[in-house]
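Working notes, beginning with the structure itself.
The values are calculated or read from the model by the stated rules, or taken from the named source; none is laboratory data. Owing to the predicted nature of the structure, the values given are computational and were not obtained by experimental measurement. Ideal geometry is used to build each Cβ from the backbone, glycine not excepted, and the neighbour counts take in all protein chains shown. Just so you know, the surface numbers come from the protein's heavy atoms only, side chains and all, with ligands and any DNA or RNA stripped out. Shrake-Rupley method; radii C 1.70, N 1.55, O 1.52, S 1.80 Å.
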Amino acid sequence: MDSAHSNRDIYLRNPDQRLVKVIVSGPFGVGKTTIIRTLSDIPPLRTEEVMTETGAVVDHLDGLKDKTTTTVGLDYGRMSLGDDLALCLFGTPGQKRFQALWDDLTQGALGALILADTRRIADSYEVMGLIERQDLRYAVALNLFPDSPRYPEEELRAALDLAPETPMIACDARDRRTSLDALLALAEHLLAVPEFEQQP
Amino acid sequence: MSRRLIPAYLWTGGRTHPSRNVLDRLTVLRAATDHLPSDLTSSGRSVLEILQHGALPLAEVAAHLEMPVIFVKVLVSDLFDQGLLIVRAPAPVESDAKPDQQLLERVIRGLRALQ
Ligand SMILES: Nc1nc2c(ncn2[C@@H]2O[C@H](COP(=O)(O)OP(=O)(O)OP(=O)(O)O)[C@@H](O)[C@H]2O)c(=O)[nH]1
Ligand SMILES: [Mg+2]
């Protein structure tokens, strides 16, 4: 048995704590695992999702016996905002073949934080395509690396095809303060822009 | 990402569908009893054991036990039907309601307090 079971710190602070889902996504190697580790106040976890070979999400176990399936590991972290509320962060891969997983995971989510790497902006096109198809509002966090080129904001917004009201802020996924700033930008955006106004 | 067959233990002596489609990754689970029946499957027992010390969301139980989320949903359905688990939707109100202003203000306050 996993030694974590005896560690009381893994449990909810209170069984009535309200849990709110936030999606974290972005291209390969952009810092999804890192930012979830930075923000989580429980040891970060990996949840396993099962998909069929055609990319459908498996939602029951019928007929799966002997069928080849694919498992996808998602980074997961939880941060308590007091005893009554916690944000649950689901690191979701940003590739088109995970469309069905996106449709499923984004159910009931508050919003999404999309990480981008300015050294390879074109890698973000797939995830931008995915998020645009969801009924889910988002903010873009530019995860800055030492060799990241600094482009003018307008150029980056145009490259990512962002709506004028979509927040775009810089962060360092290893750093708690700037990572919190990115989440805060998302939450403030959700409050400021009612859902019905953001649809194109 | 890995390709593999779902292990055979997933089919032993249980249903294949979650009986409740209200089960979500963030459904909060608690043990209803500290008495574990002797006829539990080993996976069902693991779920109840980890919940002896506190409440956890379904996805976290799955992660700790290194079991796929869908499998834990099915297990949890069974355990709930046997009266062994207490389950609660992620939010006290309907979970699919659009985020309300009060919740967002609470999130913002909470994040600012951590800064
Ligand atoms: N300098 C710098 N390095 C970072 C930052 N964020 C992540 N890294 C490093 O970049 C690498 C990739 O980060 P991950 O967090 O693993 O990225 P990921 O998005 O989870 O990657 P995949 O899961 O492979 O798609 C790691 O070696 C991190 O340590 C950052 O903000 N600044
Ligand atoms: Mg990763």
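Calculate the mean, over all residues of peptide B:82-88, of how many other protein chain Cβ atoms lie within 10 angstrom of the residue's Cβ.
Values: counts 0, 0, 0, 0, 1, 0, 5.
For this peptide, the per-residue mean of nearby foreign Cβ atoms is 1.
Could you report the buried accessible area between B and A, both sides summed, computed with a 1.4 Å probe and given in Å² to the nearest 100? Present the calculation step by step, with values, prior to reporting the outcome.
Working: alone 8400 and 11240 Å², together 14200 Å².
Buried area (both sides, nearest 100 Å²): 5400 Å².
What are the ³J(HN,Hα) couplings of region A:109-116, residue after residue, when phi is run through the Karplus curve with 6.51, -1.76, 1.60 and θ = phi - 60°? Round to Hz, x for glycine and proline.
Taking θ as phi minus 60°, the curve returns 6, 6, x, 10, 10, 9, 8, 9 Hz for region A:109-116.
Using modelled backbone amide H atoms (1.01 Å from N, in-plane), which distant-in-sequence or interchain residues come within less than 5 Å of A:R78's amide H?
Correct list: A:D41, A:I42, A:L89.
Between A:F28 and A:D84, 0.36 nm times their residue separation minus their Cα-Cα distance comes to what?
Working: separation 56, 0.36 × 56 = 20.16 nm, distance 3.39 nm.
Here the answer is 16.8 nm.
Once the Cα atoms of region A:16-198 are picked out, what are the Rg and Dmax in Å?
Spelled out, the Cα radius of gyration and Dmax of region A:16-198 are 16.5, 53 Å.
Apply the membrane-span-like helix rule to chain A: whole DSSP H runs, Cα extent along the own long axis of at least 20 Å, mean Kyte-Doolittle hydropathy at least 0.5. List the helices found.
Span-like helices, by this rule, are A:176-192.
Which ³J(HN,Hα) values in Hz, rounded to whole numbers, follow from the phi angles of region A:41-49 under the Karplus curve 6.51 cos²θ - 1.76 cosθ + 1.60, where θ = phi - 60° and Gly and Pro get x?
9, 10, x, x, 10, 10, 9, 10, 10
So how far apart, in nm, are the two label points at B:D81 and A:T52 if each is 7 Å from Cα heading toward Cβ?
2.3
Using the beta-carbon distance between B:Q52 and A:D175 and R0 = 41 Å, what value does 1/(1 + (r/R0)^6) give for FRET efficiency, to the nearest 0.05?
Numbers: r = 37 Å, r/R0 = 0.90.
E between B:Q52 and A:D175, to the nearest 0.05, is 0.65.
Suppose R0 equals 51 Å; then what is the FRET efficiency for B:L36 and A:E165 from their Cβ-Cβ distance, rounded to the nearest 0.05?
Numbers: r = 53 Å, r/R0 = 1.04.
Efficiency at R0 = 51 Å is approximately 0.45.
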